[in-house]
1. At a 10 angstrom cut-off on C-beta neighbours, averaged per residue, how do the peptides 195-201, 231-237 rank from highest to lowest?
2. For a paramagnetic label modelled at 7 Å from the Cα of residue 77 toward its Cβ, which residues of the range 24-43 fall within the zone defined by backbone nitrogen distances under 18 Å?
3. Quick one: length gained pulling residue 88 to residue 145 fully straight, 0.36 nm per residue minus the C-alpha distance?
């Protein structure tokens with residue numbers, strides 16, 4: 001936050017997130033993408049229960065923090081991307097959530113919840129028996145996790161007049177076949193290359209782009225994740241004409 005007149009565009013007092021959430025909860029997503037200065041401010045708010053208002057004085061806050069990240073714990077414990085002292089403050093309270101594909105019957109419970117919820121919302125009759133569909137529902141890997149599962153249930157509701165096992169199977173089969181077709185097309189792209197050198201080049205380029213995108217184009221995080229020296233990754237990006245987006249995530 002900042003006081004009025006603290007900077008050129010500060011025409012009024014602005015309450016910051018920590019001050020606004022004092023006596024409440026502040027959720028910080030993708031915490032591994034925070035800059036070191038931002039991490040320092042968070043650490044100070046945890047240790048001293050105070051924040052520095054730009055243009056003003058220190059202000060006491062009592063904010064409970066919840067951090068979230070898709071990055072592995074190794075990134076959180078890496079001094080290049082995350083302050084060790086901040087990591088030690090949260091280390092004892094880390095809860096790892098396994099991907100949906102590893103949660104077995106949770107998939108059935110979640111689908112039941114979403115279908116019941118949407119049935120009531122859109123006025124549909126639910127005649128499904130999910131226990132009979134357990135094997136086929138668990139046969140799909142759900143790479144998009146709960147978000148994909150929720151949207152799957154919602155799509156069924158807005159595209160069908162009645163919900164039953166046959167309807168769910170039809171939509172799930174469409175999803176499975178689409179997923180398999182996309183995977184096959186990706187592999188055919190490499191197999192159809194005339195020379196093995198060209199095929200390996202295309203695969204490596206797509207591989208690097210995938211992992212760079214996964215880590216928000218942070219070269220340091222990507223290099224650690226795939227086990228490649230950062231300088232080597234830079235060289236490969238230049239050689240393969242891989243350009244980062246306009247924003248800069250490199251610390």
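Coordinate-derived values only; no laboratory data. Not measured: the values here are computed from a predicted model. Positions of Cβ are backbone-derived with ideal geometry, glycine not excepted, and every protein chain shown enters the neighbour counts.
1. Per-residue mean Cβ counts within 10 Å order the peptides as 231-237, 195-201.
2. Inside the label zone: 32.
3. 17.6 nm
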